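The values are calculated or read from the model by the stated rules, or taken from the named source; none is laboratory data. For clarity, every value in this text was computed on a predicted model and none was experimentally measured. Glycine also receives a Cβ, built like all others from the backbone with ideal geometry; neighbour counts cover every protein chain displayed.
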Amino acid sequence: MYARDYEVGWGDVDANRHMRSPAYLDYAAQTRFAFLAQHGFTPEAFAAAAIGPAILHDEVSYRRELRFLETFNVDFQVAAQSEDGSRTILLNRFIREDGKVAAEVKSLFVWLDLNTRRPVAPPPALLAAMNAVDKAEGFQVLEPLSSVKKAA
C-alpha cells in the first residue's frame, strides 16, 4: 500500500490547537498526486493530456486529533472504481505515530477534460497508474459515467 509521512505544520492548525479540517483534504490530495507522479503521471502529463480530477464529494471521518509538529502517515487506496476509470472513490487513512487512525477521507471524483469541461474516461497511461493503486477491503465496481443517468 502506498503511503507518505508528513508533519502537522503551523498553517495546518486551527483555534482548537489541532489539525484543521481543510488540511486533511490537502494532505489526501498531495498523497494521491505523489503516487501518480511516481507512476508516470506527473503534473506535465496532466497538462499534456488536458485532464484533471473533479471532486464530486468528500467525506471525512475524524477519530483522533493530530496536533502541531506531530508526524503522521497518509495511505492511499481505491475503494471503488468503474472499469473504464471514469468514476472512482479513493480512501486515504491518516495514521498517527502510535499506529491509531486519526481520520479517513473518502473522495468521489471523475476525470474532467479541461478543454470540453466534461467528465471523461482517463487516458491509458493514467488508467494504468490508477489501476496500480491497491484496492481497499470491500472494493466495489462502479457503473461507468456513460451508464449513469443525468439528473433532469
Any residue in region 9-21 that's within 10 Å of R67 (Cβ to Cβ) and without any contact (Cβ under 8 Å) to a residue 12 or more places away in the chain: show its pairings with residues that are of a type in the set (A, V, I, L, M, F, W, C) and not in a loop (DSSP other than H, G, I, E, B) at Cβ separation under 8 Å, as long as the two are six or more apart or on different chains.
-> none
Condition met for G99 (at pLDDT 95 or above, over 21 Å from V141 (Cβ atoms) and surrounded by fewer than 18 Cβ atoms within 10 Å (Cβ to Cβ)) = yes
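Being assigned to a strand (DSSP E or B), of a type in the set (F, W, Y) and in contact with a helix residue (DSSP H, G or I) (Cβ under 9 Å, 6 or more places away or on another chain) is the requirement here; does F76 meet it?
Yes: the conditions hold for F76.
Here's the yes/no breakdown for (1) buried (at least 16 other Cβ atoms within 10 Å of the Cβ); (2) touching a Leu at 6+ places or on another chain (Cβ under 7 Å):
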{"residue": "G11", "(1), (2)": "no, no"}
{"residue": "R17", "(1), (2)": "no, no"}
{"residue": "A28", "(1), (2)": "yes, no"}
{"residue": "A50", "(1), (2)": "no, yes"}
{"residue": "V60", "(1), (2)": "yes, no"}
{"residue": "E65", "(1), (2)": "no, no"}
Go through region 26-45 and give me each residue that's under 14 Å from M130 (Cβ atoms), among the aromatic types (F, W, Y), touching a residue at least 12 places away in the same chain (Cβ under 8 Å) and not in a loop (DSSP other than H, G, I, E, B).
-> F35
Across region 48-98, which residue is nearest to the chain's Cα centre (by Cα) among those that are among the polar types (S, T, N, Q) and under 24 Å from V8 (Cα atoms)?
-> N92
Among the residues of region 100-118, write down those that are without any contact (Cβ under 8 Å) to a residue 12 or more places away in the chain and among the charged types (D, E, K, R).
-> R117, R118
Please work out which one of (1) part of a strand (DSSP E or B); (2) buried (at least 17 other Cβ atoms within 10 Å of the Cβ); (3) in contact (Cβ under 8 Å) with a residue 24 or more places away in the chain is the condition R93 fails and give its number.
-> (3)
Any residue at all in region 132-140 that is under 13 Å from A54 (Cα atoms) and either touching a strand residue (DSSP E or B) at 6+ places or on another chain (Cβ under 8 Å) or at pLDDT below 95 (or both)?
-> no
Being crowded, with 17+ Cβ neighbours inside 10 Å and either farther than 20 Å from E7 by Cβ or among the polar types (S, T, N, Q) (or both) is the filter here, so list the residues in region 30-44 that pass it.
-> T31, L36, H39, F41
Could you please give the count of residues in region 78-110 that are closer than 17 Å to Y6 by Cβ and aromatic (F, W, Y)?
-> 1
